[in-house]
Amino acid sequence: MNYLRHVGKYFIMLRQVFRKPQKWSVFREMLFREIEDLGLKSLGIIAFISFFVGGVIAIQTALNVDNPFIPKYLIGFATKQSMILEFAPTFMSVILAGKVGSYISSSIGTMRVTEQIDALEVMGINSLNYLVLPKIIATIFFYPLLISLAMFLGIYGGYVAGTLTDLFYSEDYLYGIRLDFDPYYIQYALIKTVVFAFVIATIPAYHGYYVKGGSLEVGRASTQAVVWTSVVIILLNYFLTQMLLG
């Protein structure tokens, strides 16, 4: 029953988030700040991880495709499919859940325990709209760009890995990338990214907004936020894959 209470409380919070919006001048300033904190500052880790993940996928595939009857262009095909369908949208979203989710939960939780949120409420400001809605919009619109970059860098990382290790020819890899390309796969990955971005922005915000106690409880709330965000992403990944590709 405790879980049901939290689920209901979460949806009640979402209803408050989209009510009584703030003035556009204030909202715009918050939005640009969130784009920088939640999006631009995540570019480095996403680029680094996706590049080397693509390289590892290509090397592992090349090492396992040692049968002379299996064409080498399947290495590029497998790398492309893996990065677009699963690693870029899902794996990178889990990474962002750890990095961004802990930041959102701890920042809002700190405002709660230091009574800054109470001060906003006293001034008649919808604190949930003021604190959470800019995060939702920033993640929903910016994370598809991050995931698109992750797709490109992952595939490019596989190309670089093949060039450096001589495990396969670059011509075969490029042919495998072009082989049987379906633009719907990009659309599928971006749909998942938008859903995951909403989860990354709202679940940590929930844990931070309703935290009670002091700094120790804020730390615990941040840990719970990362765990539950990752769990929800994995569950949604299963259902979205079934619905969109099944």
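Throughout, read-outs are computed from the coordinates displayed, never taken from laboratory work. What you see is a predicted model; the values in this text were computed from it and never measured. Note: ideal-geometry Cβ built from the backbone for every residue, glycine included; neighbour counts use all protein chains shown.
Overview of values
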quantity: Ranked T193, T223, T202, criterion: other C-beta atoms within 10 Å, fewest first; calculated: T223, T202, T193
quantity: Phi to ³J(HN,Hα) by Karplus 6.51 cos²θ - 1.76 cosθ + 1.60 over segment 131-138, Hz, x for Gly, Pro; calculated: 9, 9, 4, x, 5, 5, 5, 4
quantity: Cα-centre dipole for segment 6-155 with unit charges at Cβ (Lys and Arg positive, Asp and Glu negative), debye to 20; calculated: 320 debye
quantity: Part-to-part distance (alpha-carbon centres) for segment 29-45 and segment 118-158, which is given in Å; calculated: 7 Å
quantity: Signed unit charges on C-beta, dipole axis of segment 129-246, positive-most listed residue S148, G208, I177; calculated: G208
quantity: Along each principal axis, Cα extent of the chain, largest first, Å; calculated: 72, 41, 32
quantity: Helix 73-82 axis, angle to the chain major axis (alpha carbon atoms, nearest 10°); calculated: 10 degrees
quantity: Nitroxide proxy distance, nm - points 7 Å out along Cα→Cβ at T163 and T110; calculated: 4.2 nm
quantity: Vicinal HN-Hα couplings computed from phi for segment 165-180 (Karplus, 6.51 cos²θ - 1.76 cosθ + 1.60; Hz; Gly/Pro x); calculated: 9, 6, 7, 7, 7, 5, 5, 5, 5, 5, 5, x, 5, 7, 5, 6
quantity: Sorted by Cβ neighbour density within 10 Å, fewest at the top, the residues Y103, Y143; calculated: Y103, Y143
quantity: Backbone HN-Hα couplings from phi across segment 39-44 [Karplus 6.51/-1.76/1.60, Hz, Gly and Pro as x]; calculated: x, 4, 6, 9, 4, x
quantity: Debye intensity ratio in log₁₀ form over the Cα atoms of segment 183-246, taken at each q of 0.19, 0.21, 0.23, 0.29 Å⁻¹; calculated: -0.71, -0.80, -0.89, -1.16
